[in-house]
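Trainee: My questions all concern the structure below.
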Amino acid sequence: MEKKASFLTIIVLAGFAFGLRPLTIPQQEETGSISVNGEAVVKVIPDEVILTMGVETFHTELSVAKRRNDTRVGEIIKLAKQYGISTREIQTDFISIEPRYRDGYSRTEREGYFVRKTIVLTLNDLATFDALLSDVTEAGVTHVHGIQFKTTELRKYRDQARSLALQAAKEKAQDMAQVFEAQIGFPQTIQEDYIGWHSWYGYGWWGSQFGFASQNVVQTVGGPAMEVDSSLAPGQISVSARVSITFELVP
């Protein structure tokens, strides 16, 4: 038995010596990739509006300036409730007290005090917006900082915009690959770069402006725009999404 085992060992060693190689698994050929962006915007008819207003009072005595401001703000809140706006949709967003001096550098002689408050109202009945704005102005509103139109179905339209952006990215990748007689395979990475909505007219005590990027898919949804006998023209708001995808590139 020991002689047979030695003989087999010699044969195996001789086999390796005369060129027998271990079995190797061929490596899969690497493929290229293509990275693209997809952007989409869904145009939506708004069904609510956020009104940001300011009340500013001034008097030589701080207590008088504050009391007058509180009275005006109270009247505005009372008026908002008459228009069916609930307490949770009424918010005091900004309060400030600023002394005013005759000489702005030395600040030795005080002229009085500015008291400012910002009130934010969310109105669900857009048909009453124009009348509400007129009434709160008469009640003591001195500044209109912003008018922001919104939709209560924002989640629904965000998902829709994202789906359109993904489809736009896929179609863009297919068109680009076709130029080089190639096809796209499975996506390797998918990233959501941005999703949001745009409707601002300005915001803050001194106001501000917001820009908006371009897109390669635009879709209008919803019914007809609101038609009321007023100066309000809410138009449409833009719900947008942007994605980045890297696809496998197949020859």
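Trainee: Restricted to region 100-116, and to residues that are of a type outside the set (A, V, I, L, M, F, W, C) and open to solvent by less than 30 Å² (accessible area, probe 1.4 Å), which residue is farthest from the chain's Cα centre (by Cα)?
Mentor: 112
Trainee: Another one. Would you confirm whether or not region 169-189 contains a residue that is at pLDDT 55 or above, closer than 30 Å to residue 49 by Cβ and either open to solvent by less than 30 Å² (accessible area, probe 1.4 Å) or not β-branched (Val, Ile, Thr) (or both)?
Mentor: no
Trainee: Please work out which one of (1) without any contact (Cβ under 8 Å) to a residue 12 or more places away in the chain; (2) acidic (Asp, Glu); (3) surrounded by fewer than 13 Cβ atoms within 10 Å (Cβ to Cβ) is the condition residue 61 fails and give its number.
Mentor: (1)
Trainee: With the checklist (1) in a strand (DSSP E or B); (2) hydrophobic (A, V, I, L, M, F, W, C); (3) surrounded by 20 or more Cβ atoms within 10 Å (Cβ to Cβ) in hand, flag the one item residue 133 doesn't pass.
Mentor: Unmet for residue 133, out of (1) in a strand (DSSP E or B); (2) hydrophobic (A, V, I, L, M, F, W, C); (3) surrounded by 20 or more Cβ atoms within 10 Å (Cβ to Cβ): (1).
The values are calculated or read from the model by the stated rules, or taken from the named source; none is laboratory data. These numbers were taken from a predicted model, which means no experiment stands behind them. Reconstructed Cβ throughout: ideal geometry from the backbone, glycine too, with neighbour counts over all protein chains shown. The protein model used for the area step is the full one, side chains on, heavy atoms only, and it has no ligands, DNA or RNA in it. Shrake-Rupley method; radii C 1.70, N 1.55, O 1.52, S 1.80 Å.
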